């Protein structure tokens, strides 16, 4: 699904066409192709801010797996790696945490990596679809909270 994400491409329509071609070359049945395309187009966090898409059971599992990747030690590493690549600051006390209500808020507001934890990452556990996904998300979120507590102690940053 990341191949059609606006962080990666400005041509979602062409990317979807390429995915359709790839799936047909792999001899995946038409119903399965349509299921896959539905999942990758409707599972992202950003696309579910204003409208919550109902996913198939397979889609719910894929969405949980994607969100679990954003949590825990791997999630921390990913957040800093991506934000470093994008030129985003680690932390700036002058930039406050924003409540994300729209897709536009999510994509186009000034933030920091630390703020991203509070704006999105720490909220993911409550959006999990499966019992196992929720349990693992809670465990990984605790690890992230511990990291943020350590960050606060080392930098004397007040908890948001």
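The values are calculated or read from the model by the stated rules, or taken from the named source; none is laboratory data. This one's a predicted model, so the numbers in the text were calculated from it and none came from an experiment. Positions of Cβ are generated from backbone atoms using ideal geometry, with glycine treated the same way; all protein chains shown enter the neighbour counts.
Yes/no per residue for (1) closer than 27 Å to residue 120 by Cα; (2) not assigned by TED's automatic domain parsing to the domain that holds residue 126:
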position: 21; (1), (2): no, yes
position: 24; (1), (2): no, yes
position: 34; (1), (2): no, yes
position: 37; (1), (2): yes, yes
position: 47; (1), (2): yes, yes
position: 62; (1), (2): yes, no
position: 68; (1), (2): yes, no
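The condition (being modelled with pLDDT of 90 or more and either surrounded by 12 or more Cβ atoms within 10 Å (Cβ to Cβ) or not in a helix (DSSP H, G or I) (or both)) is satisfied by just one residue among 64, 47: 64.
May I ask you to verify whether residue 55 is surrounded by 15 or more Cβ atoms within 10 Å (Cβ to Cβ) and in a helix (DSSP H, G or I)? Answer is no for this residue. In the set 101, 142, 110, only one residue is more than 28 Å from residue 36 (Cα to Cα) and exposed (fewer than 13 other Cβ atoms within 10 Å of the Cβ); that residue is 110.
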